[in-house]
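To keep things clear, I will list the structure first and then write my remarks on it.
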Amino acid sequence: MDPSDNNPSSQQSLPYITSNNPLQFTIHLPNSTPNFTSIPNSNPSHDPNPNPNPHSDSISDQLLSLSIPTKRRRGRPRSTTTSSLDQFSKTLVENSNLVRNLTARKNTASFDASDEIIVINKEATTEALIALTAGFPADSLTDEEIEAEVVSVVGGIEQVNYILIRNHILMKWRVNVSTWIMKEMFFDVIPKHCSALLDSAHNYLVSRGYINFGVVPAIKDRIPAEPSKPSVIIIGAGLAGLAAARQLMLFGFKVTVLEGRKRAGGRVYSKKMEGGNKVAAADLGGSVLTGTLGNPLGILARQLSCTLHKVRDKCPLYRVDGKPVDQDLDHKVETAYNLLLEKASKLRQLMGEVSQDVSLGAALETFRQDYEDAVNEEEMSLFNWHLANLEYANAGLISKLSLAFWDQDDPFDMGGDHCFLPGGNGKLVHALTENVPILYEKIVHTIRYGTDGVQVGAGAQVFEGEMVLCTVPLGVLKGGSIKFMPELPQRKLDGIKRLGFGLLNKVAMLFPYVFWGTDLDTFGHLTDNSSSRGEFFLFYSYATVAGGPLLLALVAGEAAHKFETMPPTDAVTKVLQILKGIYEPQGIEVPEPIQTVCTRWGSDPFSLGSYSNVAVGASGDDYDILAESVGDGRLFFAGEATNRRYPATMHGAFLSGLREAANIAHHAKARTMSLKIEKKPSKSTHYYASVLDDLFREPDLEFGSFSIIFARKSSDLESPAILRVTFCGPQTRNHDGIRPGRHLSNKLLFQQLQSQFNNQHELHVYTLLSKQQALDLREVRGGDEMRLNFLSEKLGVKLVGRKGLGPSVDSIIASVKAERGRRKPGVMKSKDTTLKRKIVRKAKVVSGGNRTTFSPASSSRIKAVGSSTTTIHLTNVDLEPKPVCAIGSVASPSLNIRVNDDMGSKSVGSSVHLLHNASIGDKFEGNFGSSTAPLLNVGGNTGSNSDGPIHPKTTYDDSTDTCAPPTTGNLACQHTSGDGDMESMMLDGEYRI
């Protein structure tokens, strides 16, 4: 074989990018002038269904493989690793010949200008980096751009040129964020034949708030004196509400903002502290700008001529007795802690979707037990400090964070330094409120929405408008203090319930002078009690940015909840004891503070917590669900808990406000034009999975356990079809699967896994076929087993989980849904759908510690506990009418699950279930019984005869249409077990001392 056949660049004539990471990729260049048609998939050699614009959810499919979470470093900045953006920049530099190659092509033979990649300047690589920091992929369009129809054809030269123009406009804006970017600025550099693309890119970037936003005169002066568009009510004057308000006013809408507090800013609150001729601004709420590359709040700071202060990496830790922690020991424990996080990441890969129902804390505690005998008290205190820092980053207990998705937003990290804004983030809030009509102390209790508009009840007043934007925190939505009429859709209510909303508190202290030194911005303190590990575990020095000697102590995790009821005098006494224990042995006197403020964000009725996190059972999809509008474009939602990419951040809240301003403008325009907006389906996995389930309620073909829906109602036998194979039945929980000798932490992990056995579920696996293949499959006789053999041996296809179908099948699902919506009443289903569904035998996985356990088959959702090889036999007998004949003994289809635990020298219990890449077709070597059964291999390699599954003989009785179990009982299972907040917020009625 020619090696060049495996080189994508040798097969493609168009510049494209290959990538396994949204922030790291390689640019491939053409060698000659091509006839451009489309852009290939980012990884064409591995994708059987090339897609020029992979669905953004394809990124979420990679989340379970993340091995280096970044959230854990929020409280203690580190520069020990190269950031993704740094690596991206390096890659761009290495591919700097992009511009030279493209420029050279301009001098070749004559060409059609519309079929040529334009060259704007020699900064294409830098401009691509800028676009990436703004949230755009470098090699494709976003879903939102596709929906906005920014190009006439997705893929091809037009798209490439649009991306180059878009990136150039973004660069122009970033160079000078104090000016208004107009299309006329680009007439000299954009060819005339691309003027339509210039219009499209500029209009998109302006309408979506990527450029021309902020608080400078060039932008403020463009706000119309009199609104010309419908009225919008915005509930909440936090960053989301203020961003939306200013943007909507710029668009010409009449805006009214209702705020329950006496101030704006919401969970961003800079408190002026003063006394003894000392004045300082304390950020009692959101305080750190987490990443400056592309951060819109950094752009606002530039517009206000504010210089950001980088939070320095130096962060010494002090023991319980006040002595400094040895740096070598600190490094050793931090390395071990990071290793445990990476082990947890590997574990969730093995567990697949089951990891959604397991907490990060259970996994970490299970692994930590392996080191329990090898650590001393100081090392354990250090480890607990890192856990406290993790709980601070997520504003939640690790025992409640989802193992699968707690760090789902890490791939979208802004990159760049973590910074303080000198003078406090209140500067941003103050600038954003200028000339915005805000009504304070308006506590909203009712939101009515319908086809004729909205009504918002606040106290005895009712405010009316065309649309309403709700930006209240997730904690308030959970609390139910606002009544929606009609009630919110169950889908949104479930998302509100699933997402977590945690707590972080602070103690701010103004001292007469700085006694802790000005060469650092943070330092930490250890505790000897794991339950109080988050109590004053981290101190922020604001002396260099607050205008006075200000120190903040953070309270995270379980301690943050206890802090809500702690008397403020006790809190201050504890903090001073810690400070005196650290500094007095050094001969440094710790003075009494001039003023102290304690936050109580959990008790604040306008927040009821600090910021969101992905709790056990939730996923990133829930952020998208919370962001969905309701009531045919009447009721909208914004806030950090509606931003999947940037949750729990100030910039995430701000960006969500810009997003909803664009959505509101879109719906208003459609109504003005008397056009009904076709509701765009959510791009989340939940949505398409739900639609697929609905479609399979009325399949086009149905036989045995097989169901098929066709993509198009035509005679084209090559048209696609979706096949689903179903294994169904109730689950029975195993109460005896835990070894008595295991630690409590292991029991916690195992019990969380086994608790899922209580539910009743169906196991569905899928594949894509042609219509002809589906019809051929229907004609196969011999029951489901023979059909599985036909799929594997004759067609060579694999059955996968729903996610394994990939984003390419979403368009098929959408087209089938649309076609069925156009069907005339009375259309009959295929004859095959009238066949009665028969009972399917099920299998139950039972872990019996270190023994082999057999039990009657009774389970369908397959899960295994322990580092082991588990075989589940799904006796799925086809009960179609057929001639009476002697079938004899056949081996039933089997589900083989194998877990190889290579995470350490000790074998640690781990769990798996049907992963999205599970496939039917792999077989054990050799035959079992009178035939070879297809095996469903999950998460590992199949074994040989020596360690293979036991296939119980099952005899088919044609006379009764039943399948008799072996005489010894239906030994359905063999299991050999192994041994092995946005920073805190506060009430306006804060405590003072």
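Brief remarks on what is shown
- Picking from residues in the stretch 581-606 that are of a type in the set (A, V, I, L, M, F, W, C) and open to solvent by less than 20 Å² (accessible area, probe 1.4 Å), the one that is farthest from Gly260 (Cα to Cα) is Ile582.
Okay, residues lined up against (1) touching a Leu at 6+ places or on another chain (Cβ under 9 Å); (2) open to solvent by 10 Å² or more (accessible area, probe 1.4 Å); (3) closer than 30 Å to Arg671 by Cα:
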site: Gly502; (1), (2), (3): yes, no, no
site: Phe515; (1), (2), (3): yes, yes, no
site: Leu526; (1), (2), (3): yes, no, no
site: Ser530; (1), (2), (3): yes, yes, no
site: Ser541; (1), (2), (3): yes, no, no
site: Thr544; (1), (2), (3): no, yes, no
site: Leu550; (1), (2), (3): yes, no, no
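- Hits in the stretch 313-340 - residues which are open to solvent by 50 Å² or more (accessible area, probe 1.4 Å), out of contact with any Ser or Thr (no Cβ under 8 Å at 6 or more places or on another chain) and not in a helix (DSSP H, G or I): Asp321, Lys323, Pro324, Asp326
- One residue alone among Ala225, Ala196 is surrounded by fewer than 18 Cβ atoms within 10 Å (Cβ to Cβ) and part of a helix (DSSP H, G or I), and that residue is Ala196.
- In the stretch 230-244, the residues that are in contact with a helix residue (DSSP H, G or I) (Cβ under 8 Å, 6 or more places away or on another chain) and either in a strand (DSSP E or B) or more than 17 Å from Asn643 (Cα to Cα) (or both): Pro230, Val232, Ile234, Ile235, Ala237, Gly238
- Residue list for the stretch 160-188, filter: farther than 22 Å from Thr133 by Cβ and part of a loop (DSSP other than H, G, I, E, B): Met182, Phe187, Asp188
- Arg73, sole failed condition from (1) surrounded by fewer than 16 Cβ atoms within 10 Å (Cβ to Cβ); (2) modelled with pLDDT under 90: (1)
- Members of the stretch 485-500 found to be in contact with a Lys or Arg (Cβ under 8 Å, 6 or more places away or on another chain) and surrounded by 17 or more Cβ atoms within 10 Å (Cβ to Cβ), listed by number: Ile496, Gly500
- None of Asp632, Asp624 is under 30 Å from Arg671 (Cα atoms) and part of a loop (DSSP other than H, G, I, E, B) except Asp632.
- All positions within the stretch 346-403 that are hydroxyl-bearing (Ser, Thr, Tyr), closer than 30 Å to Gly804 by Cβ and assigned to a helix (DSSP H, G or I): Ser355, Thr366
- Some residue of the stretch 665-675 being at pLDDT below 95 and hydroxyl-bearing (Ser, Thr, Tyr): yes
- First in the stretch 449-478 and within 14 Å of Ile664 (Cα to Cα), second anywhere and charged (D, E, K, R), Cβ under 6 Å, 6 or more apart: Gly453/Glu466; Val454/Arg634; Met467/Arg634; Leu469/Glu660
- Residue satisfying condition, being touching a helix residue (DSSP H, G or I) at 6+ places or on another chain (Cβ under 9 Å), aromatic (Phe, Trp, Tyr) and over 28 Å from Ala641 (Cβ atoms), within set Phe511, Phe536, Phe501, Phe515: Phe515
- Picking from residues in the stretch 755-775 that are open to solvent by 20 Å² or more (accessible area, probe 1.4 Å) and in contact with a helix residue (DSSP H, G or I) (Cβ under 8 Å, 6 or more places away or on another chain), the one that is modelled with the lowest pLDDT is Gln756.
- All conditions but one from (1) open to solvent by 20 Å² or more (accessible area, probe 1.4 Å); (2) over 29 Å from Arg600 (Cβ atoms); (3) in contact with a Phe, Trp or Tyr (Cβ under 6 Å, 6 or more places away or on another chain) apply to His309; the one that does not is (2).
- Residue satisfying all of: in the stretch 620-633; open to solvent by 10 Å² or more (accessible area, probe 1.4 Å) and of a type in the set (Gly, Ala, Ser); modelled with the lowest pLDDT among these: Gly631
- Residue within the stretch 587-598 that is more than 17 Å from Tyr513 (Cα to Cα) and either assigned to a loop (DSSP other than H, G, I, E, B) or more than 38 Å from the chain's Cα centre (by Cα) (or both) present: no
- Whichever residue in the stretch 488-528 is of a type in the set (Asp, Glu) and out of contact with any strand residue (DSSP E or B) (no Cβ under 7 Å at 6 or more places or on another chain) and, among such residues, is nearest to Asp624 (Cα to Cα): Asp494
The values are calculated or read from the model by the stated rules, or taken from the named source; none is laboratory data. Being a predicted model, the structure only gives us computed values, none of them experimental. Note: ideal-geometry Cβ built from the backbone for every residue, glycine included; neighbour counts use all protein chains shown. Please note that ligands, DNA and RNA were not included when accessible areas were found on the heavy atoms of the full protein model with its side chains. Shrake-Rupley method; radii C 1.70, N 1.55, O 1.52, S 1.80 Å.
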